[in-house]
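The values are calculated or read from the model by the stated rules, or taken from the named source; none is laboratory data. The shown structure was predicted, so the numbers you read here are calculated from the model rather than taken from an experiment. Neighbour counts are summed over all protein chains in view; Cβ atoms, including those assigned to glycine, are modelled from backbone coordinates with ideal geometry. Keep in mind that these areas ignore ligands, DNA and RNA; they rest on the heavy atoms of the full protein, side chains included. Shrake-Rupley method; radii C 1.70, N 1.55, O 1.52, S 1.80 Å.
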Amino acid sequence: MSRRSVILRLCTVAVVSALAAGCVRTDSVGNTTAATTTAPTTAPTTALTATTSTTTAAPAPTSTTIPSIDALVEGLADLPFAEFLEASYGRLISRDPEFLTSLRVADRYGLGNDRLNDLSDSYLRQTQNLESAILELLHARDRDALSPAEQTSYDVYEWYLDELVRGHEFMYHDNPIHYFLTSYNDNLLRLFTEDQPMATKGDAEDYISRLKQIRTQVDQLLEGLEIRRDMGVVPPRFILLRTLRTLTGDLGSSSPTLDTIRADTLPLFTVFRDKIEQIDELDATDRDRLLAEARMAVTESFVPAWLALIDHLNSIEPLTTNDAGVWRLPDGDAYYAYLLRDQTSTDLTPDDIHQIGLEAVERIRTEMRAVFDDLGYPQDVGLGRLRKRAAEEAGFLSGSTADGRRQVLETFESLIDEAERRSLKYFDLLPKAEVIVVPEQVGAGGFYMPASVDGTRPGVFHAGVAGGRIPTCTMPTITYHETVPGHHLQIALAQELDLPSFRRYYQYNAYAEGWALYAERLASEMGLYEDDPYGDIGRLELELLRAVRLVTDTGIHSMGWTRQKAQGYMNRYVPTWAHEVERYVVVPAQATGYLIGQQEILRLREKAADALGNGFDIAEFHDVVLGGGSIPLDVLERRIDDYITGKAH
């Protein structure tokens, strides 16, 4: 799965973000998907109260001055089409400075790395108005007068903007505070510990400036959480309790208070402390001053903000139930239909997707049985026991020791090296950006974080290294999904293509996750499971997981399944992954994009191969699929159709 506007973890590409950015970990919390609800006339009851401080007052996130929509779109209508795309997207993306920081392109848009996003209701609604206004300006263009390449950009931009506008009525249907990737809390911590540049004295001061803004931003977030509460949008109780454990863990205590929390032990401070040691231009006096300011900011901004979030969750616990699906929300069925369209870029219904999942489960189980037969495993033993036997025979690595964790990382690195070597025969387009592996304190699995657009940061595969038994049979498939030929190859390449910015930065879930799942199967064709039947079993197990996700996600959110029923279904088919049920609860529909996207890419490949016969070239096909950047699946089909027509002539 990739992280940021798109999540990609074994994965998960991000949920469409509130703002116009969209890339590999949700870029923002407060969905600018705008609502029919009314903003509160009073401040939220859990808003933070000011405390006396000797530090410089923190600037408010983004801007406290909100220009009119006319001012925001001024001059766009008269621009040539290519300039209109860049300028209009720039005005949208500039409203999400955190996303610009993650891409390392803030300076291109006249911004620094010193402000947090504005999550206030008024600012989010203005962003919605801007999205609608830009869509109207796009529709005013004559598509037929554009070149074929521009028509494709028109179609992709229209899909992107239209999806944002469709989501406006569900502005406050999501649950931004939870335990998983894409949550506000996870995104914010990773902004500071991973995304924030820290190479100069100015970077260090920007870091502190943002630290000071956390309290204000959380106040804005609490405003939205109170609107949700008044609408009846609260998380399931089991999610709320798990989120409380996450937030208290962030503060280093199971029962945190202002008096007991030590700021200098928290990651927001310790990461800063370690990074400024590497800044050569700082002398001892500078470091001491910056550390004092950072410690103060963590103490007076971050800690009380997190305590306020904990207080809010405690206050709404009596309102929660253990109902898991979004069907429980106001207009929940319509909300889920929107999410499915957004995450699959299709018009498939929950029933359609549920049935596709059921059929895929049986197909993959049949394929698994054939592999077990080839290994000489007994036919009268269930697949679950055979998978367990295969995992035991393949062996495990241990993440419980330093040597074991080093071995895990070296194994992942070796797998990437071999995949890159073999990719040369299957791709003409390959990214320049490198990918590195860093340890993540989770069990088997991992996620991908894209390289920065400016080339200063490589792509990062956050590999799970925790636990005493990391199965080697799934390590190859996890690697190919997250890196090469999966997420890294596709996303890093997209960022380097000569395309409009929105087509290089934004990732469509079904396309990105569909490609990464396709890459797992492609790895088999590339010979990467050669002489490794256990790795191939691991591949099939993970594909089975993606099929089970279709059934489970739609079961939870459309068919009223309880958490226990969903876990029971997963325990029947993929017992080692049954813990993922809570992920599907907090990120509804996202998990449906993998298999839906993969099956569409496979269908289009078969369509091209049938039409072109001996003229079909796999590397050329991959160039067409990847060379347009991340796009909705219907636009991808038109692109493949054009390729077939051009090749045939």
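The table for this structure:
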| read-out | value |
| --- | --- |
| Residues located in region 282-307, provided they are under 27 Å from the mean Cα position of the chain (by Cα) and open to solvent by 10 Å² or more (accessible area, probe 1.4 Å) | Leu307 |
| Residue among Val156, Val165 that is of a type in the set (A, V, I, L, M) and touching a residue at least 60 places away in the same chain (Cβ under 8 Å) | Val156 |
| Yes/no for Glu226 being modelled with pLDDT of 95 or more and open to solvent by 40 Å² or more (accessible area, probe 1.4 Å) | no |
| Residue within region 598-620 that is within 21 Å of Leu550 (Cβ to Cβ), over 24 Å from the mean Cα position of the chain (by Cα) and hydrophobic (A, V, I, L, M, F, W, C) present | yes |
| Hey, Arg369 touching a helix residue (DSSP H, G or I) at 6+ places or on another chain (Cβ under 8 Å), crowded, with 16+ Cβ neighbours inside 10 Å, of a type in the set (D, E, K, R) and over 30 Å from Arg237 (Cα atoms) or not | no |
| Residue among Gly613, Gly646 that is at pLDDT 95 or above and of a type in the set (Gly, Ala, Ser) | Gly613 |
| Residue list for region 577-603, filter: without any contact (Cβ under 8 Å) to a residue 40 or more places away in the chain and open to solvent by 40 Å² or more (accessible area, probe 1.4 Å) | His579, Arg603 |
| Test result for Thr216, polar (S, T, N, Q), closer than 18 Å to Glu98 by Cβ, part of a helix (DSSP H, G or I) and open to solvent by 30 Å² or more (accessible area, probe 1.4 Å) | yes |
| Residue within region 388-398 that is buried (at least 21 other Cβ atoms within 10 Å of the Cβ), of a type in the set (Gly, Ala, Ser) and touching a Leu at 6+ places or on another chain (Cβ under 6 Å) present | no |
| Scope region 247-261; condition touching a residue at least 24 places away in the same chain (Cβ under 8 Å), assigned to a helix (DSSP H, G or I) and over 23 Å from Pro61 (Cα atoms); matching residues | Thr248 |
| Members of region 420-439 that are out of contact with any helix residue (DSSP H, G or I) (no Cβ under 6 Å at 6 or more places or on another chain), open to solvent by less than 80 Å² (accessible area, probe 1.4 Å) and among the hydrophobic types (A, V, I, L, M, F, W, C) | Leu430, Ile436, Val438 |
| Qualifying residue in region 66-79 (condition: open to solvent by 10 Å² or more (accessible area, probe 1.4 Å), of a type in the set (Asp, Glu) and part of a helix (DSSP H, G or I)) | yes |
| Total residues in region 437-471, condition within 17 Å of Thr193 (Cα to Cα), modelled with pLDDT of 90 or more and assigned to a loop (DSSP other than H, G, I, E, B) | 6 |
| Checklist (1) open to solvent by 10 Å² or more (accessible area, probe 1.4 Å); (2) farther than 21 Å from Ala648 by Cβ applied to Gly615, failing item | (2) |
| Sole residue being farther than 25 Å from Gly464 by Cβ, among the charged types (D, E, K, R) and part of a helix (DSSP H, G or I), chosen from Arg389, Arg363, Arg421 | Arg363 |
| Residue in region 523-560 that is nearest to Ala390 (Cα to Cα), counting only those that are open to solvent by less than 40 Å² (accessible area, probe 1.4 Å) and over 25 Å from the mean Cα position of the chain (by Cα) | Ile537 |
| Leu76 vs. criteria of a type outside the set (Lys, Arg), under 30 Å from Gly455 (Cβ atoms), at pLDDT 55 or above and under 26 Å from the mean Cα position of the chain (by Cα) | no |
| Residue list for region 352-376, filter: without any contact (Cβ under 8 Å) to a residue 60 or more places away in the chain and over 30 Å from Arg341 (Cβ atoms) | Thr366, Arg369, Ala370, Asp373, Gly376 |
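To keep it simple, each residue is scored yes or no on (1) charged (D, E, K, R); (2) modelled with pLDDT of 95 or more.
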{"site": "Leu358", "(1), (2)": "no, yes"}
{"site": "Glu362", "(1), (2)": "yes, yes"}
{"site": "Glu367", "(1), (2)": "yes, yes"}
{"site": "Leu397", "(1), (2)": "no, no"}
{"site": "Glu413", "(1), (2)": "yes, yes"}
{"site": "Asp428", "(1), (2)": "yes, yes"}
